[in-house]
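Data first, discussion second: the structure below is written as structure tokens.
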Amino acid sequence: MQTTREIRQTFLDFFQQKAHQIVPSAPIVVKNDPTLMFTNAGMNQFKDLFLGLKTPSFRRIADTQKCLRVSGKHNDLEEVGHDTYHHTMFEMLGNWSIGEYYKAEAIEWAWELLTAHYGIDPARMYATVFGGDEAEGLPADEEAVAFWRRYLPEDHILYCGKKDNFWEMGDTGPCGPCSEIHVDLRSDEARALSPGSALVNQGTPEVIEIWNLVFIQFNRRADSSLEDLPEKHVDTGMGFERLCMVLQGKHSTYDTDLFDPARTYLEAKTRIRYADAPHMQQVAMRVVMDHIRAIVFTIGDGQLPSNTGAGYVIRRILRRASRYAFSYLGLHTPFLHELVPVLAQVYKGVFTEVGAQEAFIARIILEEEKGFLSKLEKGSQMFDAWLSEHRGAARIDGQFAFKLYDTFGFPIDLTRLMAQERGLEVDMAAFETLLQEQKTRSREATEVNTGDWIVVHPSPDLPRFVGYDTLAMQTRIRQYRTIRRQNKAEYHIVLEETPFYAESGGQTGDRGLLRSSLESIRVLDTKKENELIVHTVDRLPQEADGEWHAEVDAQTRHRTSQNHSATHLVHAALRQVLGSHVEQRGSLVSESVLRFDFSHFARVSDEELTQVEAIVNERIAADIPLTEYREMPIAAARAMGAMALFGEKYGEQVRVIVFDSAFSVELCGGTHVPRTSQIRLFKFVSEGSVAAGVRRIEAYTGEQAAAYLNSQLALVQRLSEKLKQPASLEKALDDLLERNRQLEKELAQLNSEKLAALRETLAGAFETRGELQLLRRIVQVGSTDDLKQLSFDLKRSAEGRALIVLGAVIGGKPQLSVILSDSLAAENRYHAGHLVRELAKPIQGGGGGQPFYATAGGKDPARLQEAVDKIEELL
Ligand code: SER
């Protein structure tokens, strides 16, 4: 049997022999492309090459790419686990031709590899081809059919429609007809009975697609028209997990040796044998085996779980795994993190980022698991509380189920499961309505309508950034467009050459001005969209053609550069003081602040911060000149000691920024001050935690740091004045605090004496109402705690069946408390919660609590007496 490792290697070797350049997988998390969150196909990283926006270094490329299909056009999340061959994260083996070979070679080589090298039986193979589409005005792909006829009999070549055989990356972008290779895995008997051709594209796990050969010849524009590309390309993608399943003679991707280690771990942990487990337990195990890969690879590429964007997608995947394990595998404590070393082993030598960050990734996952499990527990408590308040209810209110889901992250199927266990159902119709409403709201909030570019000066070359050397220049407008975000218009301009730095590597984009002889336009921000440098402007030009003067706001740029250079210095100083485990995890460099996230497991102490600050300020005073290498081979940069960040995509040539080669060497595309002395001053303003094992510092430089220090001094001055300018401010403050503590103690003493006296008086004020001892009073107490204390004390000393209703005005607000003596509570006749809700009506209040004790707060203190007296009526 070929192992999965061998299968992957065979693919890469085969295409290397066909003169392909083997490249590393791009990071799974996509940066700089507003149309895409995660890499969803091997071709993503080559999008600009297909569109002709960038000149290729190689025209034949092959790789194995980490892909994730959980959002946007390609989304398989809800299926994963329920069937035996879908995945969230998967590897895509691919080969590409950038304007070189086309259909003949793509088909020939696919055939050769699958049959001669992998040994798949040709009789089991089917090819689908694009059957044409009238609405698009596209003919059937007879060319591909002709090539397939060389290898396959007529009845193994199938024409299919646009849905299956016209591949598009997203709503816009490169696309074209495709030809898929399907394999029939059924037994010889089954195949003799019915032809596999009838089962292609029918969702049968036994007749599945393994390889998609896309012939890219169009660009789908935003107005949905197809534009011919200047060159034709090949983009193939083969599902690695499925290929392994075919070659290893399995009927599920999860049965291949790729998943053996994770399955073995789960079986040992749960003592459930996967092969014999009931259906839902198998589903849950597949969910875990699949999801842990998606989680580990995205965190490994620098995306931490969070509440927005890509981070939120990861959080949801992690919770889905955690909840399936919780509900079906009996795993109620964190365990996902234990799978990180298992994966590190599986991908050793292939995706080394997992092994290199094993402890870090595990720590992040553990914290997420803990957080989610505690939410599950809180949700369970709320669920029980709801049940006891709604005794006799036949079903769980949709609104409550939605609240559990929305506020506590409590999955709806778990709520249903728990309801089922108690013989209840959930009002799913109401839940679904609320969920849909929420989805519509959030879709509306994030809706972006991107208009097509209006091209003023077409050019095959990408716009050039010249802003390392100049802040002002003459240039021309290459293209512009309008996009609408939540119906607000945003205007974009691309220049032929630009001095504006586009936001990246944590540094914010430049601002400034564009001027022609006729008009002047403000640049509000600059961002990258793939390789394009896009200027967001306050309005579109009336006359775009002609010469434009582009000028960056020099002060903003200077302050940002001060902060960026200081970020490098602080990075180096942190490593000196805390140790070389400190690695950059994120950064923000703007004109007003620098923020730096890094791996470190403890709080950075004040002494450590002082040391780091001192080193940075010493390096500033040393007036170190900037050394910039604009284009250095990446190997040489590493040899100089520059560290690459995980999840960043670096080219062959990199830019290296050095401030003293023995101190700070970094791969960096940002802007910097020419000498460290221009940073002037460095001052920390905060230190805190962002996630498990990730700390964040914020600091100021230059004028901002000076202003900050001055404001701190002024504060001390003001405080000193308030304390009448004592000789020692610190001692004066300590004295004041001490005196305050004394007073609080005395006050507490007085208060408890007062409460005791009140209790004495009230103990004699019970009145008899039938078989009940009733006490109703407005009392004067200082806090709700006192009111509670008094209620409980009175209950304790009360005899027989007693009911105590107290009212008080606390902080201007009316408060009520109802408490039952133990013997009365035991009868279950009165419910304090129900009583207090009725009593609170006159004071326009609400509240609740347990059957024996409940409280309510209200708005109208003038009617408190009425509220307290209402008890007579209720009884
Ligand atoms: N882009 C195509 C796909 O994802 C082939 O690589 O299926």
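The values are calculated or read from the model by the stated rules, or taken from the named source; none is laboratory data. Please read these numbers as outputs of a predicted model, since none were measured by experiment. Note: ideal-geometry Cβ built from the backbone for every residue, glycine included; neighbour counts use all protein chains shown.
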For this session: Please tell me if Leu53 is more than 20 Å from Ala106 (Cα to Cα), within 14 Å of the ligand (Cβ to nearest atom) and touching a residue at least 60 places away in the same chain (Cβ under 8 Å).
Result: no
Exercise. Which condition breaks for Ala192 when tested against (1) of a type in the set (A, V, I, L, M, F, W, C); (2) in contact with a Gly (Cβ under 9 Å, 6 or more places away or on another chain); (3) more than 21 Å from Asn40 (Cβ to Cβ)?
Worked result: (2)
Problem set entry | The one condition in (1) assigned to a loop (DSSP other than H, G, I, E, B); (2) more than 22 Å from the chain's Cα centre (by Cα); (3) within 16 Å of the ligand (Cβ to nearest atom); (4) closer than 23 Å to Thr256 by Cα that Thr84 fails to fulfil | (3)
Seminar exercise, completed: Only one of (1) closer than 23 Å to Leu578 by Cα; (2) in contact with a helix residue (DSSP H, G or I) (Cβ under 7 Å, 6 or more places away or on another chain); (3) of a type in the set (Gly, Ala, Ser) does not apply to Ala614, and that is (2)
Exercise. Quick check, is Leu229 buried (at least 17 other Cβ atoms within 10 Å of the Cβ), modelled with pLDDT of 95 or more, within 25 Å of Glu134 (Cα to Cα) and within 16 Å of the ligand (Cβ to nearest atom)?
Worked result: no
For this session: Residues being free of Cβ contacts under 8 Å to residues at least 24 places away in the same chain and outside any loop (DSSP other than H, G, I, E, B): count how many of those fall in the stretch 635-653.
Result: 5
Exercise. How about the stretch 471-575: which strands (runs of 3 or more DSSP E) wholly inside it have at least 3 residues that are hydroxyl-bearing (Ser, Thr, Tyr) and surrounded by fewer than 17 Cβ atoms within 10 Å (Cβ to Cβ)?
Worked result: none
Problem set entry | Every pair of residues 6+ apart whose Cβ atoms lie under 7 Å, when the first sits in the stretch 19-47 and is assigned to a helix (DSSP H, G or I) while the second is charged (D, E, K, R) and within 16 Å of the ligand (Cβ to nearest atom) | Gly42/Asp63; Met43/Asp235
Exercise. Does Ala707 meet the test of being of a type in the set (Gly, Ala, Ser), in a helix (DSSP H, G or I) and within 30 Å of His558 (Cα to Cα)?
Worked result: yes
For this session: Determine the pairs where a residue that is of a type in the set (Val, Ile, Thr), located within the stretch 400-423, has a partner that is not in a helix (DSSP H, G or I) with Cβ atoms under 8 Å apart, the partner being 6 or more residues away or on another chain.
Result: Ile412/Val426; Thr415/Ile396; Thr415/Val426
Problem set entry | Candidate set from the stretch 256-277 (those that are without any contact (Cβ under 8 Å) to a residue 60 or more places away in the chain and assigned to a helix (DSSP H, G or I)); member that is farthest from Thr84 (Cα to Cα) | Ala268
For this session: Answer yes or no: is there a residue in the stretch 586-601 that is under 34 Å from the mean Cα position of the chain (by Cα), modelled with pLDDT of 95 or more, within 20 Å of Arg363 (Cα to Cα) and not aromatic (Phe, Trp, Tyr).
Result: yes
Exercise. What number of residues in the stretch 504-537 are among the small types (Gly, Ala, Ser) and in contact with a Phe, Trp or Tyr (Cβ under 9 Å, 6 or more places away or on another chain)?
Worked result: 4
For this session: Select from the stretch 123-145 the residues that are part of a strand (DSSP E or B) and more than 16 Å from the ligand (Cβ to nearest atom) and list them in ascending order.
Result: Met125, Tyr126, Asp133, Leu138
For this session: Search the stretch 93-104 for residues that are at positive phi and pair each with any residue that is in a helix (DSSP H, G or I) and within 14 Å of the ligand (Cβ to nearest atom) when their beta-carbon atoms are under 8 Å apart and the residues are at least 6 apart or on different chains.
Result: none
Problem set entry | Single unsatisfied condition, Asp397 versus (1) among the acidic types (Asp, Glu); (2) surrounded by 11 or more Cβ atoms within 10 Å (Cβ to Cβ); (3) in contact (Cβ under 8 Å) with a residue 40 or more places away in the chain | (3)
Exercise. When you scan the stretch 92-101, how many residues do you find that are away from the ligand (no atom under 14 Å from the Cβ) and either more than 14 Å from Pro230 (Cβ to Cβ) or among the basic types (Lys, Arg) (or both)?
Worked result: 1
Exercise. Within the set of pairs 6+ apart or on separate chains, which have a first residue in the stretch 157-172 that is in contact (Cβ under 8 Å) with a residue 60 or more places away in the chain and farther than 15 Å from Ser197 by Cβ, a second that is part of a helix (DSSP H, G or I) and within 13 Å of the ligand (Cβ to nearest atom), and C-beta atoms under 8 Å apart?
Worked result: Met169/Met43; Met169/Asn44; Met169/Lys47
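Rundown of residues vs (1) under 17 Å from Leu229 (Cβ atoms); (2) at pLDDT 90 or above, yes/no style:
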position: Gln21; (1), (2): no, yes
position: Ile28; (1), (2): no, yes
position: Thr39; (1), (2): no, yes
position: Phe46; (1), (2): yes, yes
position: Leu53; (1), (2): yes, no
position: Ser57; (1), (2): no, no
position: Arg60; (1), (2): no, yes
Problem set entry | Members of the stretch 820-875 found to be over 16 Å from Leu787 (Cα atoms) and of a type in the set (Val, Ile, Thr), listed by number | Ile843, Ile871
Problem set entry | Boolean, His20 is surrounded by 22 or more Cβ atoms within 10 Å (Cβ to Cβ) and within 16 Å of the ligand (Cβ to nearest atom) | no
Seminar exercise, completed: Picking from Val658, Val694, Val665, the residue that is at pLDDT below 95 and surrounded by 13 or more Cβ atoms within 10 Å (Cβ to Cβ) would be Val694
For this session: Check Leu404, Leu414, Leu471, Leu424 and return the single one that is under 25 Å from the mean Cα position of the chain (by Cα) and either at pLDDT 85 or above or of a type in the set (Lys, Arg) (or both).
Result: Leu404
For this session: Just give me the residues in the stretch 603-630 being of a type outside the set (Lys, Arg), part of a loop (DSSP other than H, G, I, E, B) and either in contact (Cβ under 8 Å) with a residue 60 or more places away in the chain or surrounded by 18 or more Cβ atoms within 10 Å (Cβ to Cβ) (or both), in sequence order.
Result: Val604, Ile624, Leu626
For this session: Kindly indicate whether any position in the stretch 346-353 is surrounded by fewer than 22 Cβ atoms within 10 Å (Cβ to Cβ) and under 20 Å from Leu373 (Cα atoms).
Result: no
For this session: Go through Ile120, Ile107 for me and flag whichever is within 16 Å of the ligand (Cβ to nearest atom) and closer than 21 Å to Asn201 by Cα.
Result: Ile107
For this session: Among what's in the stretch 186-226 and is closer than 21 Å to Thr253 by Cα, among the polar types (S, T, N, Q) and within 16 Å of the ligand (Cβ to nearest atom), pick the residue that is surrounded by the most Cβ atoms within 10 Å (Cβ to Cβ).
Result: Asn212
For this session: Look at Glu353 and say whether it is of a type outside the set (Phe, Trp, Tyr), under 30 Å from Val694 (Cβ atoms) and at pLDDT below 90.
Result: no
